[in-house]
1. Quick check: anything in region 185-197 surrounded by fewer than 22 Cβ atoms within 10 Å (Cβ to Cβ), closer than 17 Å to residue 75 by Cβ and at pLDDT below 95?
2. For region 356-374, give me each residue that is modelled with pLDDT of 95 or more and under 24 Å from residue 410 (Cβ atoms).
3. Exactly one of (1) part of a helix (DSSP H, G or I); (2) more than 15 Å from residue 85 (Cβ to Cβ); (3) touching a helix residue (DSSP H, G or I) at 6+ places or on another chain (Cβ under 8 Å) is unmet by residue 59. Its number?
4. Grab the helices (runs of 4 or more DSSP H) fully contained in region 338-410, keeping just those with 3 or more residues being crowded, with 20+ Cβ neighbours inside 10 Å and within 13 Å of the chain's Cα centre (by Cα).
5. Quick one: residue 26 ticks every box in (1) in a helix (DSSP H, G or I); (2) surrounded by 17 or more Cβ atoms within 10 Å (Cβ to Cβ) except a single one, so which number is it?
6. Tell me which of these residue 97 doesn't satisfy, since it passes every other one: (1) modelled with pLDDT under 90; (2) crowded, with 22+ Cβ neighbours inside 10 Å; (3) assigned by TED's automatic domain parsing to the domain that holds residue 262.
7. Before we move on, is residue 590 free of Cβ contacts under 8 Å to residues at least 12 places away in the same chain and assigned to a loop (DSSP other than H, G, I, E, B)?
8. Condition test on residue 424, is it in contact with a strand residue (DSSP E or B) (Cβ under 8 Å, 6 or more places away or on another chain) and under 19 Å from residue 327 (Cβ atoms)?
């Protein structure tokens, strides 16, 4: 692939309107130019490459056939939306993708009128599309609604809940099932394309409508038999029985990279008039992740989400670091614990590599379970495993665990089952922005009885927390850790188990105390150095546990210092709130001696940017801690005093 080749057709596209008059050959050439453009940009910015390459022709066809933005085009998850962004007036900003102040890596309502619904989590497009279709009907409008959803996202229960409701409501909408894993599609080709054109054509629909009209005058038993024969015949030919049972008119499967097949089917679906009432339609399209870029075709998982890479070789371009990634530390520690404990099992929701349990899966395939994009099921499935005396580690990102909150409360904690929750991507996540930030887990888990919560300050403590969780059988336990690399500390040799509910003091002082939960500890130590340079000796402590709270440590810090600052990579209602609750009930806020200041993430969604800039903007940097301490003491913020 020559990413520097000229792109004359793409250069002329300012909006989807410019696609309307292009012929088939021009649309095919335009698709090739878009594919090169995506590879060129993502090699510099990083992002979701494979999924976007897989839907290039589909995106071109949808914008060519439908009248966007009047017709609503909803992308599930949004990580396949790069060609959509390029065609909807954002090509000139693709170099800013996932950068501070630049384009989001996902679909975002505030970014473009062509983005009718924001997405970052999967399996929402059918529900949102149905809502828009019903809203259109209430307003008596006549625009189309198209929801695109991948076969992976169809593993989530929410997608089937939406389809069940759509089949009942009978509002006209189109669902494009983008099957890029060949998980449910038979082989596609000319015959399949021909059949899809036939069953979506006006003539077929008219004939089918006439046949149904005639059967109404038959005896009831014959009418029912005719209806079953019709559904069986269409299901036998096209394979859409499941979707028909849910109330959808099924068309497919179609080769999603063949515009000659795709365009007439989409036009038929757009223009078709269905008998009785319009009803929902499902078009089954088969695509290939990474299509057109050989490294991505050969390693679809690896090229799902990428950093910067060499276009020619496909190899990643990484900054040199001696510190391991937190995800890898967790994966290695879990394997070590599993070597000595056959009861340990790993559960993930379609994220084996992302959560670090892929190595566990290779070594212990019978003890590994990938349940698909089904976080709710993953949690309750883990609860069932715990009922049988096993030790499930249910590894889910913080932002995705939110989707299974009821299951955590009722199926795990209420029954006090020892399910272990490794929570990756805790805190801010840089380029992935607000949709993937782990801002709320301490707050939403901490209010649940029986729950124990740990937060790693560095990679060594994460290793210890894996061992601690493996040894803990008293109830559910969670441990959170951030995206990215550790800080380069020495790792433990073997399993080290922490005492539940006990923190540690890292530096002693007398004037100010900073109590950190999580990886802001290094920033707290830097703040202590700056405060010491101003003559304010500072104690720095690592809480390790948000729950149970180390009350002895908090009491000592509160009674021996004039200022107590808590700092965490989480929202209001989390660790700082637990400390405040203890201080209030212990009467330590009544004397007027202590000035307590909790530092948390701001009450807003933070856009994508460099993580260091995000934390600085959030007020969780060393400088912010220094400023907070000085303000509490009534000291004017000036330059650092020389000589201490």
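1. No: region 185-197 contains no residue that is surrounded by fewer than 22 Cβ atoms within 10 Å (Cβ to Cβ), closer than 17 Å to residue 75 by Cβ and at pLDDT below 95.
2. Within region 356-374, 369 is the sole residue that qualifies.
3. Result: residue 59 fails condition (2) only.
4. Values: elements: 352-355, 358-363, 375-387, 398-401.
Correct list: 398-401.
5. If we test residue 26 against (1) in a helix (DSSP H, G or I); (2) surrounded by 17 or more Cβ atoms within 10 Å (Cβ to Cβ), just (2) comes out false.
6. (3)
7. On the way: free of Cβ contacts under 8 Å to residues at least 12 places away in the same chain: yes; assigned to a loop (DSSP other than H, G, I, E, B): yes.
Yes; evaluated as a whole, the condition is true for this residue.
8. Values: in contact with a strand residue (DSSP E or B) (Cβ under 8 Å, 6 or more places away or on another chain): yes; under 19 Å from residue 327 (Cβ atoms): yes.
For residue 424, the condition - in contact with a strand residue (DSSP E or B) (Cβ under 8 Å, 6 or more places away or on another chain) and under 19 Å from residue 327 (Cβ atoms) - is met.
The values are calculated or read from the model by the stated rules, or taken from the named source; none is laboratory data. It should be emphasised that the depicted structure is a prediction, and the values quoted were computed from it without experimental measurement. Every residue, glycine as well, gets a Cβ built from its backbone with ideal geometry; the counts of neighbours run over all protein chains shown.
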